[in-house]
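J.: The structure's right below; bear with me while I get my questions together.
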Amino acid sequence: MLAFAREAGLSETTFVQSPAAPVAPADPADSGHPAGSVAADYRNRIWTISGEIPFAGHPSLGTAVAVAIERDSDEGTFTQETGVGLQPVDVKRLGDRSGNGVWKASVLQERAEFGEVIPTAEVAAVLGIEEEMIDSRYSAQLVSTGLPALLIPVRDVEGLAACRGDAAALDELGLGIDLNVYPFVFDVPTRTARSRCFALDLGDFEDPATGSAAGPLVAYLQDILDVDRIRVRQGIEMGRPSLIEARMDSGRPRVSGQVHVVVKGQVRLPS
């Protein structure tokens, strides 16, 4: 799987397998399945070019759409099994079936876990920008719904454009975990964020769309500003713009967006 992920060279590559957790938890509310039924519809293993990660947002959406196409379903809810548990993913085909079409998908992520707050000077170094470019009204903080994101508030879009990402500075923080570095600018009146994502210790690349960071971001904004629904524009500086919607849903972040089928094919892997 790692060899193929490196060959593909994408932000993430997923592999769909039979679920390893065939029995639902005692509390049906934990998974959306009746007690005693199959807990997961499939296991979703997610890889970057450096290794396997426990969870990611966009691979959850795209994989659910691929499963729906494979199972000839135009709409439904699939429960995926990942390294952090079970997450329901809703999918719905928009329009006709030509080329397998365009889809709407959303994933209900795990409850947010709020971690360490990082001093301004240290996060500025991680982004390779001046400390004055950090928005001092808010704290830089680690937040996770399965894959930790270091959320860093930046003062304006000019500061966001200046970000470069410094893997050595991140290593000096000594956090000891794989994470995404996620600078953002938030406009309160429109509830819109502009963001970038640097996967400095997950292959050292910039990601054009990061659902596993958008979920923590909406939980963070609810915590500090009582904002429970946002739109996130990302990838603009890369020339690969994306639009993500994130909202709080019964205490858990739900991240959604469109899924477009761009390529289909078969690959024969060696034994």
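J.: Can you tell me which of I69, I129 is outside the structural domain of T13 (by TED's automatic domain parsing) and over 25 Å from P253 (Cα atoms)? Write out each step before concluding.
T.: Details: I69 fails: outside the structural domain of T13 (by TED's automatic domain parsing).
So the residue among I69, I129 that is outside the structural domain of T13 (by TED's automatic domain parsing) and over 25 Å from P253 (Cα atoms) is I129.
J.: Hey, could you check segment 221-271 for residues that are loosely packed, with under 11 Cβ neighbours inside 10 Å and among the hydrophobic types (A, V, I, L, M, F, W, C) and say which is farthest from L108 (Cα to Cα)?
T.: Applying the filter and picking the extreme gives L269.
J.: Checking E237 against (1) touching a Ser or Thr at 6+ places or on another chain (Cβ under 9 Å); (2) in contact (Cβ under 8 Å) with a residue 60 or more places away in the chain, which test does it fail?
T.: For E237, the failing item is (1).
J.: Any chance segment 213-220 includes a residue that's surrounded by 13 or more Cβ atoms within 10 Å (Cβ to Cβ), assigned to a strand (DSSP E or B) and within 14 Å of the chain's Cα centre (by Cα)?
T.: The first filter runs over segment 213-220 and keeps only residues surrounded by 13 or more Cβ atoms within 10 Å (Cβ to Cβ), leaving 213-220.
Restricting the remaining residues to those that are assigned to a strand (DSSP E or B) gives none.
No; the residues of segment 213-220 include none that is surrounded by 13 or more Cβ atoms within 10 Å (Cβ to Cβ), assigned to a strand (DSSP E or B) and within 14 Å of the chain's Cα centre (by Cα).
J.: Quick test of your reading of the structure: V67 fulfils all but one of (1) surrounded by fewer than 18 Cβ atoms within 10 Å (Cβ to Cβ); (2) assigned to a helix (DSSP H, G or I); (3) of a type outside the set (G, A, S). Name the failing condition by number.
T.: The single condition V67 does not satisfy is (1).
J.: Then there is this: Please work out if P54 is crowded, with 24+ Cβ neighbours inside 10 Å, within 20 Å of A246 (Cβ to Cβ) and touching a residue at least 24 places away in the same chain (Cβ under 8 Å). Full working, then the answer.
T.: Details: crowded, with 24+ Cβ neighbours inside 10 Å: no; within 20 Å of A246 (Cβ to Cβ): yes; touching a residue at least 24 places away in the same chain (Cβ under 8 Å): yes.
No.
J.: Now, a different point. Could you say which residue among G76, G62 is modelled with pLDDT of 95 or more, outside any strand (DSSP E or B) and in contact with a strand residue (DSSP E or B) (Cβ under 8 Å, 6 or more places away or on another chain)? Give the steps one after another, and end with the answer.
T.: Working: G76 fails: outside any strand (DSSP E or B).
From the options G76, G62, the qualifying one is G62.
J.: When the residues of segment 253-271 are filtered to those that are among the β-branched types (V, I, T) and free of Cβ contacts under 8 Å to residues at least 12 places away in the same chain, which remaining residue is nearest to A209 (Cα to Cα)?
T.: Taking segment 253-271 as the starting set, the residues that turn out to be among the β-branched types (V, I, T) are 255, 259, 261-263, 267.
Now restrict to residues that are free of Cβ contacts under 8 Å to residues at least 12 places away in the same chain: 262-263.
Values: V262: 16, V263: 18 Å.
Only one residue tops the list, namely V262.
J.: Can you tell me which residues in segment 193-223 are more than 22 Å from D166 (Cβ to Cβ), touching a helix residue (DSSP H, G or I) at 6+ places or on another chain (Cβ under 9 Å) and not aliphatic (A, V, I, L, M)?
T.: The answer is G211, G215.
The values are calculated or read from the model by the stated rules, or taken from the named source; none is laboratory data. This structure is a prediction, so every number in the text was calculated from the model and none was measured. Cβ sites come from the backbone with ideal geometry, for glycine too, and all protein chains shown count toward neighbours.
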